[in-house]
Each structure stands twice: as structure tokens, then as C-alpha cells.
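Shown next, in C-alpha cells, is the structure this report addresses.
All of the numbers you see were taken from the coordinates with simple rules; none came from a lab. The structure presented is a predicted model; accordingly, all values stated were derived computationally and were not measured. Heads up, the Cβs are rebuilt from the backbone with ideal geometry, glycines too, and the neighbour counts pull from every protein chain shown.
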Amino acid sequence: MTKVITYGTYDMLHYGHIHLLERAKALGDFLIVGVTSDDFDKARGKINVQQSLTERIEAVKATGLADQVIIEEYEGQKIDDLKRYDIDIFTVGSDWAGKFDYLREYCRVVYLDRTHGISSTELRAESRKVRIGLVGGNEPQILEKYYKECKFVNGAEVSGVCTSNKQLLHGIFNAAPATNTLEELMEMSDAFYIISHPSEHYTQVKKALEHGKHVLCESPIALRKQEIRELYKIADRQGLILMDAIKTAYGMAYNRLLLLLKSGKIGRIVSVDSTCTSMRNVDLNDPESSGAWNSICAWGPTGMLPVFQLLGTDYEKVRLASFFHDKACKYDLFTKMDFVYKKAVASVKVGRGVKSEGELIISGTEGYIYVPAPWWNTDYFEIRYEDPTHNKRYFYQLDGEGIRYELVAFLKSINTGRNNTYVERKVSETFGKVLDKFYNGSVYSLM
Ligand code: CTP
């Protein structure tokens, strides 16, 4: 019996795939098809796959051509498979010609002519593009990053930029139409990414939603809990997607860390300590007039994210202490937030005028997790125990600082009508609760 194996993603199965599978089958008596797992695809930079692994496997099975379907999960697996399944022929399309010659040591390698004029990439691109308008300018680097990252996401297209920052328009944005008002940008957009000054978010998000536009807004999406609630309600009423943008939430390492912790890897979590600081783009002599975000807005949501996602949002107490540049206008150069829960504590340090080690430490009854600086932008973490021989290091892929995955989730939400956000609504609202206290409640001043 001649055994043949072939691999692929098989997203949105098309006649090019079927033609390949037919010829692969004809090469022998038994055909094994390896379908790539979502993680494997992400790790090799294929982030736009539309269908889940299960859907793709079902589609391959439905062709009736595969005698066995396996999942391709890691680099180097092909050699393992050739030995494990005693394969005679390895085959793929000619777009891979030469790439798998190293497998000739184990079996025959056959490159089959690729079918012209069709690919999953083209099919994905054909579905109607979501036109994303970019709004803001106070934090130009971030806006630029989103502009660049949109290009990596199938189905997204930057429709234009609305900014008061004229310098920006002469930079990388010169290719995108510029508008002065949100109204103008509305005409040409289906959705918005907003990163204006946090004090403007509420009005802009509300306006966009009321005009039927989906919104991805940099966190915090408003400065009051009530306002955040109201915005989500408007989005629900309008059948629109509103997402709180925190790129960290979309990083693979951060996500795996949450899953590991929830499965009890370090026992019961007793303390979460996170620190986020950066001094970039802030004129410390006059931070407000440059429009730069204060510390609690710039870093607060990211810093609080692991606290609320791990310990929940029902804390008993929070105490805030800030080092203000100007207390009257609440421009904090540094803030420390101490949370007390029934059975745990947390501390979050954020700063744009004070520098510290940007690490995340989660302490449990059996061990702790250590994420080195900058933890919010990480591809690596460690689980550490009393006995260091049990320590474990975890490495993951991080493309585009998580922004790319965030945009993919935003588009998927728009296309399916189901919110795929990684920042739960409750978490988003609780940022507002802490901000309420910061702006209207008591804050210990370190001046
Ligand atoms: N294939 C083919 N002819 C096509 C498209 C794909 O013969 N027009 C083959 C590939 O060479 C590969 C298999 O089908 O052996 C699975 O390919 P896959 O990468 O899943 O499909 P693509 O359409 O190439 O996907 P993408 O555009 O995402 O790269």
C-alpha cells in the first residue's frame, strides 16, 4: 500500500484545494491530510484564517478524499509524521517547490502544479472590506502603529484619518485621506479606531455609534463608569460592536498565562502586582498642553487588566496615591492603586513621569509567575517554584504587539455580529469605577 501525505490550512476550501487533494490521492492508496492548527498558523504569520480548525477539518473530510485527517501543530512535525505513519510520498502544491526537498531523506517528494487563479487569500480579500477611519493624534505613535497593522489584516482598509495633529498627516498618513471632522470621516467609514484625548472619547464614541459605526476605542473608552455603561448600551441598541482597545489582552503569551493560572498552576492566587511606566513623548515641564495622556489613562487600563481578569472586578476597596504634575487638572505623573479583595490583594503602579521596572508578578500558594519588563508587550514568561528545578519558561509568538490580533478580533466581531473582544465589558466598566474615584473621589497626593 502506498501512503501519501499532504498539508495545508484549507481555509474557505476552494477548487484549487480539491484539485490538489484529488491528485494527491491518485498518487497512492491511502491519503493523510495534515490541517494546520490555529496556533501553528499564527506562529508562521498566517493570522487572517477565517475558519476555525474544526470547520477546516470538516471541509476537508467532506471532500471524501482524505482517508485520515491529522492536525499539524508544530514546526518540524512533518519529519515525525513521515516516520510515524510510514509515508511513501509527501506532496504539496508547486508554490512550495524546493521548500521540502529536505524530506527526500525519508520519502518521495512530489510538487503538484498549483491551480491558477484561486487562493484562500484572494477569497478572503474578496469579501467586502471594512473601512476603518482613524481618529486622534495625541498619541501619534500608536495611531501610526494601527495604520501600519491594518495592512496586515485581510478585510481591513484605512478609509481616512481625522486628526488635529497636522504633522502626522505629512508623515506616513499622506496616502490616506485626511479630514478635519468626524462627520466627514463617517461618510467614508464603516468603523472607527479612536485614540484622541481620553476626555474626548465619550463624545466621539457616542457620536460614531449613533451614526451606525462600529468602534474600537483605546482604553479607557470614557472617564466615568456611567458613561462607559451608556456607550455599551447604545452599541447594543444599535446592533454595533464597541470594543475597549488594550493590545496586551490579545498577545498570545498573556492569554496563555491567564489559562495556565486558571488551571491552578500556582495554586490559589493571593497577589497580583503589575507595573507599567514610560517616559516617552511627555514634556515633563508642561505635559498637559502637549495633549499627552496622564498616567492613569495611558497605563491604568493595561495595569489593571490582569488584576480584574484574574481576581475579578468585585474588589472590596481601592486606595489611590498619585504624584501630580498639576493636582487641579489631575495630571498624574505616577499613580499607585492598591486593591483589597476578600481573599487577595493587588497593586498597580503606572507612570509617565516616574520610571520603574515594568514587570508583572502573580503570587500563588504553590508558586509565582514572573513576566519580565515590558510585561505588556511580552512573548515570554516563567512559572517559578520553591524548588527551581520545577521552574518552567514559556515562549510565544507576538506579532504587531497584539494590535494585529486585536484588529482581527474587531473585524471578526463586525462580520459575525458577535463580540469577540478579549476585554470583558465588566472589566471595561470597572476601569471607569477606578477613574471615578481618581477624578471625583479621594486620592492621596504625594506632592
Ligand atoms: N493549492 C493549490 N492551488 C491553489 C491553492 C492551493 O494547489 N490555487 C494547494 C497548496 O499548494 C497546498 C494546499 O493546496 O498544497 C493547501 O494550501 P493552502 O495554503 O491551505 O491554500 P491557499 O489557497 O494557498 O491559502 P493562502 O492563500 O492562505 O496561502
(request) Working from Cα positions, state the angle (0 to 90°, nearest 10) between the long axis of helix 425-440 and the longest principal axis of the chain. (result) 20 degrees
(request) Treat every Asp and Glu Cβ in segment 206-312 as -1 and every Lys and Arg Cβ as +1, leave all other atoms uncharged, and give the resulting dipole magnitude about the Cα centre to the nearest 20 debye. (result) 580 debye
(request) Over 30 Å between C-alpha atoms is what I'm after, so list which of LYS78/LYS392; LYS25/LYS83; LYS148/LYS317; LYS42/LYS99 land there. (result) LYS148/LYS317
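With charges only on Cβ, +1 for K and R and -1 for D and E, what is the dipole size of the chain about its Cα centre, in debye, rounded to 20? Intermediate values should be presented prior to the final figure.
Numbers: 57 positive and 59 negative charges, 163 e Å.
About 780 debye.
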(request) With the cut-off at 24 Å, report for segment 31-124 the share of all Cα pairs above it, as a whole percent. (result) 22 percent
(request) Mind checking which of VAL348, ASN138, ASN391 is farthest towards the positive end of the chain's charge dipole, using Cβ charges of +1 (Lys, Arg) and -1 (Asp, Glu) about the Cα centre? (result) VAL348
(request) Measure nothing but the geometry: give the 0 to 90° angle between the long axis through the Cα atoms of 252-262 and the longest principal axis through the Cα atoms of the chain, rounded to 10°. (result) 80 degrees
(request) Quick one: grab the alpha carbon gyration tensor of segment 290-447, order the square roots of its eigenvalues as a ≥ b ≥ c, and give me rounded if a/c is under 1.5, else prolate or oblate depending on whether a/b is larger than b/c. (result) oblate
(request) Compute the long axis of helix 15-26 from its Cα atoms, compare it with the longest principal axis of the Cα atoms of the chain, and write down the angle in degrees, 0 to 90, nearest 10. (result) 40 degrees
(request) Enumerate the lysines that LYS233 could reach by cross-link, defined here as Cα to Cα under 22 Å, with residues fewer than 8 away along the same chain left out. (result) LYS206, LYS207, LYS213, LYS225, LYS412, LYS426, LYS433
(request) Return the aspartates and glutamates within reach of LYS343: Cα separation strictly under 19 angstrom, same-chain partners fewer than 8 residues apart disregarded; answer none if there are no such residues. (result) ASP273, ASP314, GLU316, GLU366
(request) Report the local net charge at MET1: Lys and Arg +1, Asp and Glu -1, summed over other residues whose C-beta lies under 14 Å from its C-beta. (result) -2
